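Let me begin by presenting the structure, written as structure tokens, before commenting on it.
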Amino acid sequence: MAKYLVEPVDEEVCFDKDEIIVSKTDLKGRIIYANDVFCRVAGFSTAEVLGEPHSMIRHPDMPRCVFKLLWDTLESGNEIFAYVKNMARDGRYYWVLAHVTPTFDANGQIVEYHSNRRFPNKASVKAIEPLYAELLAVENKASNAKQGMEEAAALLVQKLQDMGKSYDAFIWEI
């Protein structure tokens, strides 16, 4: 698949509050299933997304450290909820409240990941945007991407410790 290099557009893609965006990935994060809502909102056909990295819809406003937390949580066998800003094929954005879970085989081994995404509460998005902007600034200030991600992840952990909350508790309280 050709990579779609588009500039972000400050226009939101709308989807119904009752719709659920669903996708599944393999262990490397490549899409193995995407429902019609995913494809419509993201602006791709099913054929265009299958086999592609889920990061194809990553918006540049999203701090990489949030995805590090997501992958670390999933790989440890746990589910995670997160607010995520995605980018459609045409550069427009859409926020989601993602619930991502590992799928296990009969032997208890993780075989894939499943994500359900819902239309988020707008007040929660407004509450998390300043934190994401701060984390992204830390990432962008670093001399390299890995260092930036690690520094931003440490900042996120410190902020959560200062609040006396787990990441899950923070997400559900905003």
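Nothing in this text is a laboratory measurement; each read-out follows from the coordinates by a stated rule. A quick note: this is a predicted structure, and the numbers were derived from the prediction, not measured. Backbone-built Cβ (ideal geometry, glycine too); neighbour counts: all protein chains shown.
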Spin-label pair Gln158/Val125, simplified geometry with 7 Å Cα→Cβ offset, distance in nm: 3.0 nm
Normalised contact order of the chain, rounded percent, pairs of Cα under 8 Å and 6 or more residues apart: 23 percent
FRET efficiency estimate (nearest 0.05) - Cβ-Cβ, His99 to Cys14, R0 25 angstrom: 0.75
Computed Rg/Rh of the chain, alpha carbon atoms with Kirkwood Rh: 0.95
For the stretch 157-163, Karplus couplings with θ = phi - 60° (6.51, -1.76, 1.60), whole Hz, Gly/Pro x: 4, 5, 4, 5, 4, 4, 7
Gained length - Lys165 relative to Asn144, 0.36 nm times residue gap less alpha-carbon distance: 4.6 nm
The stretch 94-107 - phi-based ³J(HN,Hα) in whole Hz, Karplus 6.51/-1.76/1.60, Gly and Pro as x: 8, 8, 9, 9, 9, 10, 10, 9, x, 10, 10, 8, 5, 8
Debye, to nearest 20: dipole size of the stretch 21-164, +1 on Lys, Arg Cβ, -1 on Asp, Glu Cβ: 420 debye
Under 20 Å from Lys85, Cα to Cα: lysines that are on another chain or at least 8 residues apart: Lys3, Lys17, Lys24, Lys68, Lys122, Lys126
At most 10 other Cβ within 10 Å, DSSP loop - trypsin sites (Lys or Arg not before Pro), the stretch 24-75: Lys28
Whole-angstrom gap from the stretch 1-79 to the stretch 136-174, using each part's C-alpha centre: 21 Å
Extreme residue, positive dipole direction of the stretch 1-144, given options Gly108, Val66, Ser143 (C-beta unit charges): Ser143
